[in-house]
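Remarks on the structure that follows.
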Amino acid sequence: MTSLKVPVVDVQNDNFKQLWPSMLLAIKTSSFIAIDTELSGLGTRKSLLNQCIEERYKAVCNAARTRSILSLGVACFKQLPDKSQNTYLSQIYNLTLLCMEEYVIEPQSVQFLVQHGFDFNKQYSQGIPYHKGNDKGNENQSQTVRTFFLEVIRARKPLVLHNGLIDLVFLYQCFYAHLPDNLGTFTADLCEMFPDGIYDTKYASEFEARFVASYLEYAYKKCKRENGKLKDSRKQHLNIEFCNYPASLASYIDYRFCSQSDASQPGIDNANKIAICQTFSAYGWCPDGLKCSQSHNIDLIINEDENCKRERQKKRRQKRKLRSNYVESPKVPELGSPEKDDEMFLNSKDGPVSKQFCPNIASLTVEGRGSASSTEESCTDMERELGSGSTSEAKMDEEQASATDNEDSTLSSPKDGQERRTEESQPDINLESAAAISLRSEGGIHRAGFDAFMTGYIMAYVHMLKTDEHTDTNTETPTEGPWLPDCHNKLYLSGKSVPLQIVKSLFSKSSKAHRQKMKLAWAHV
């Protein structure tokens, strides 16, 4: 087994100014930027699933005003034109933050974050300070997290998130300005803040790549597996390179290990007689968490899903063969007949592919939550939160740049003593290390920086697929317009079959705070 070794640069208060030039260089030279957050909580889950999207927005706003961002992950992906097609250089940063205002932190969040290695002692002693809401004084001239976020806006790059509505609301309130009261104004502001578009990998995974599950780690490992198949068949595939950081910066680098998906080992859990947790398989979330006696191994879950897919395809072929051998006058297909089954299968292509309703999900229903179907939506929402590592009840499995020629940055350019290394060039690891990595892959890899990398990797893979589709159909790939038109400004909405469109309505104006902020931003460019 081989391992992907992803370097994540830890950024905290004592090295923030030192790393500032390299972070700005990575942002400005990137092709797109992926962002992920870890939050102190989200408040009442039921309100976050309100069928009225306006009310849902207000609930998220209330959470953003009363909670805070504990950690910010930023992954910059730069396409390398001098390398093979679909080759990117990725630089990943994990910023530990400390809100200087009073905020709510939920016990479930603390529990989850501690389980996944978050160091609260480090946060309170080394967290980069920030305040929420509007600017105070002339702070845009200093090196702060708020100024850093403003630089992301100034860079005018495509912004990539996973199930990104919550992240966008928190980013706006914590680093930009006070949130507008209504959703129309908020989306109008976003259109001007990110003119190159906002892209949601949960929407892309479910509606474009058509994965049967779309929580972050599942989508990432599925993309890696499919990309490995493309590479093995010598087809166009995604290549990721990283900077090889010098020893002087070793103390800042946290190497995150992610085992390569191995589809050749479908019977591992069968041999150990460990069943796959069907709730976790479907939603990326399990009420028992780390205490669950069943497997949460994503690779094995993908194996099971692919086996089920092959079985369904086999049955459809058999039904088609029986139908072709059965000569009879045409008739209206009846329910349960092969004709009807095929018809239903074809019709199902109009919507997103999803896993079947989990049979034991009804047991998760809690008082006041209603029926099992409402619990299913609740789990779907929790999946968004779980992956980015914010709240434990709400963040467990949500769900990975940039080198330049500028000699001022020792972190950004491989030409300044740093060698690039590719994900394909990782050395084999021994069995002991493999076992350790396997344990981490079941839930220990969650961190804002690494989650941002996974988010960016998924979008780079989907972008490659959509570009190949245009080539295969002889459709001219647009040279102007959105970077990825099929996913442009579409945010996934839990419990909804259509995304939230980030558009500026003719009936909505941008907010006053946003207009002032934009004037300030572009006045110093």
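So here's what we get for this one:
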| item | result |
| --- | --- |
| Debye intensity ratio in log₁₀ form over the Cα atoms of segment 1-150, taken at each q of 0.12, 0.13, 0.19 Å⁻¹ | -0.64, -0.74, -1.25 |
| Approximate spin-label separation D196-Y124, in nm, with each point projected 7 Å along Cα-to-Cβ | 4.0 |
| Sites D254 and N134 - FRET efficiency at Förster radius 30 Å, r taken between beta-carbons, to 0.05 | 0.35 |
| Chain lengthening between E55 and R323 when straightened (0.36 nm per residue, less Cα-Cα) | 91.4 nm |
| Reference-scaled alpha-carbon Rg (2.2 N^0.38 Å with N residues) for segment 196-253 | 1.53 |
| Cα-based Kirkwood hydrodynamic radius, segment 140-294, one decimal, Å | 19.7 |
| Segment 29-106 and segment 179-238: distance between their alpha carbon centers, rounded to Å | 14 |
| Under the Karplus curve 6.51 cos²θ - 1.76 cosθ + 1.60, θ = phi - 60°, whole-Hz ³J(HN,Hα) for segment 39-46, x wherever Gly or Pro sits | 10, 7, x, 9, x, 5, 5, 4 |
| Computed Rg/Rh of segment 144-213, alpha carbon atoms with Kirkwood Rh | 1.01 |
| Debye log10 I(q)/I(0) for segment 79-139, one point scatterer per Cα, at q = 0.12, 0.17, 0.24 Å⁻¹ | -0.55, -0.76, -1.09 |
| Pairwise label distance in nanometres, D181 with W20, each label 7 Å out on the Cα-Cβ vector | 3.8 |
| Protection proxy ranking of 105-115, 161-171, 448-458 - average other beta-carbon atoms within 10 Å, highest first | 448-458, 161-171, 105-115 |
| Peptides ranked, highest mean first, by Cβ atoms within 10 Å: ranges 138-146, 18-26, 96-104 | 18-26, 96-104, 138-146 |
| Listed residue pairs exceeding 29 Å between alpha carbons, taken from K78/K466; K5/K309; K17/K231; K222/K321; K122/K512 | K5/K309; K17/K231; K222/K321; K122/K512 |
| Listed peptides 231-242, 315-326 by packing density, highest first (mean Cβ within 10 Å) | 231-242, 315-326 |
| Accessible-area ranking of R56, R154, R65, largest first, probe 1.4 Å | R65, R154, R56 |
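The values are calculated or read from the model by the stated rules, or taken from the named source; none is laboratory data. Computed from a predicted structure; not experimentally measured. Cβ atoms come from the backbone with ideal geometry, glycine included; neighbour counts cover every protein chain shown. To get the accessible areas, we keep the full protein, side chains included, count just its heavy atoms, and leave off ligands, DNA and RNA. Shrake-Rupley method; radii C 1.70, N 1.55, O 1.52, S 1.80 Å.
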